[in-house]
Amino acid sequence: MDSVIGDWSEGFARQDHAGPLPPHHARCLGCGPENPHGHHLQVWRERDAVRARHVFDERHVGAPGIAHGGAVATVLDDLFGFLLYLIGEPAVTRHLEVGYRSPVLLGTPYLLEAGVQRREGRKLFVRAQGTDEGGAAVVEASALFLVVGLEHFARGGGDAAPVAP
C-alpha cells in the first residue's frame, strides 16, 4: 500500500481524550489547514460527541448573505468524519441527508455537534445539528457511514499528505 496512505491512516487511531482533534489531512476541503478553498474546520471531542464553531464567509455564498447549501453540507459531512476518531476506524459516507430549518447566514457563528446514534456491523448511523448563538437549530443532518479497509483509499491515488503534529 502507498506509504502516504499508510501515514495518513495512522491519524485514524482512536482518540479517547477530550479536546482538539487533528485535521483529516492537510488539504482536506472541510478541515485541512493548507486548503485555500477549504473551511478550516477545527473540531474537538466532548464526551461521545464532536463539536465545532464555524462561520461561513463570502467563499461559501449561495444567495446574497446566505451560505450555499452545498457548503453547509460539506461542513456537516466533514464533521461526521471526525466521529471516526472516536471509533478508531476509517469509514466513508454512503448517504447524507441535510435539513435546513432556517437560512445559514454568512458571518454568523454556529455551534455544530455530531454523534453516533448506533452501529450495525460496518454501518454507522450518525446525526448532527447546527445552532445559532441563541441556541436555535438552523440545520440538522443524518448520515450512514460504512467502515472500510485502507485499500478503499488507495483507489483514489493516495496523494493526501498527513498533517504534521
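The values are calculated or read from the model by the stated rules, or taken from the named source; none is laboratory data. Computed from a predicted structure; not experimentally measured. Reconstructed Cβ throughout: ideal geometry from the backbone, glycine too, with neighbour counts over all protein chains shown.
For the stretch 139-162, what are the residues that are charged (D, E, K, R), surrounded by 11 or more Cβ atoms within 10 Å (Cβ to Cβ) and at pLDDT below 80?
Of everything in the stretch 139-162, just one residue is charged (D, E, K, R), surrounded by 11 or more Cβ atoms within 10 Å (Cβ to Cβ) and at pLDDT below 80, namely ASP159.
Select from the stretch 112-126 the residues that are surrounded by 19 or more Cβ atoms within 10 Å (Cβ to Cβ) and free of Cβ contacts under 8 Å to residues at least 60 places away in the same chain and write down the one among them that is nearest to PHE56 (Cα to Cα).
My answer is VAL126.
Of everything in the stretch 58-68 that's in contact with a strand residue (DSSP E or B) (Cβ under 9 Å, 6 or more places away or on another chain) and not in a helix (DSSP H, G or I), which residue is surrounded by the fewest Cβ atoms within 10 Å (Cβ to Cβ)?
Out of the qualifying residues, it is GLY65.
With (1) part of a loop (DSSP other than H, G, I, E, B); (2) modelled with pLDDT of 90 or more; (3) within 28 Å of GLY149 (Cβ to Cβ) as the list, and PRO103 as the residue in question, which single condition is left unmet?
Answer for PRO103: the failing condition is (3).
Go through (1) more than 20 Å from VAL138 (Cβ to Cβ); (2) modelled with pLDDT of 95 or more; (3) outside any strand (DSSP E or B) and name the single condition ARG94 misses.
Here ARG94 meets the rest and fails (3).
Give me the pairs: first residue in the stretch 33-56 and in contact (Cβ under 8 Å) with a residue 12 or more places away in the chain and farther than 13 Å from LEU79 by Cβ, second residue in a strand (DSSP E or B) and not hydrophobic (A, V, I, L, M, F, W, C), beta-carbon distance under 7 Å, and six or more apart or on different chains, which are they?
Here the result reads ASP48/GLY115; VAL55/PRO109, each pair linking the stretch 33-56 to a residue that is in a strand (DSSP E or B) and not hydrophobic (A, V, I, L, M, F, W, C).
Mind checking which residues of the stretch 42-57 are touching a strand residue (DSSP E or B) at 6+ places or on another chain (Cβ under 7 Å), farther than 12 Å from ALA128 by Cβ and not polar (S, T, N, Q)?
The answer is TRP44, ARG45, ASP48, ARG53, VAL55, PHE56.
Just to be sure I understand, how many residues within the stretch 16-32 are aliphatic (A, V, I, L, M) and in contact (Cβ under 8 Å) with a residue 60 or more places away in the chain?
Qualifying residue count for the region: 2.
May I ask you to say which residue of ALA71, ALA136 is surrounded by fewer than 17 Cβ atoms within 10 Å (Cβ to Cβ), out of contact with any strand residue (DSSP E or B) (no Cβ under 7 Å at 6 or more places or on another chain), over 21 Å from GLU151 (Cα atoms) and at pLDDT 95 or above?
Being surrounded by fewer than 17 Cβ atoms within 10 Å (Cβ to Cβ), out of contact with any strand residue (DSSP E or B) (no Cβ under 7 Å at 6 or more places or on another chain), over 21 Å from GLU151 (Cα atoms) and at pLDDT 95 or above holds for just one of ALA71, ALA136, which is ALA136.
Going through PRO165, PRO109 one at a time, which residue ends up being within 20 Å of PRO20 (Cβ to Cβ), at pLDDT below 95 and either surrounded by fewer than 17 Cβ atoms within 10 Å (Cβ to Cβ) or touching a Ser or Thr at 6+ places or on another chain (Cβ under 7 Å) (or both)?
Just one listed residue meets the conditions, PRO165.
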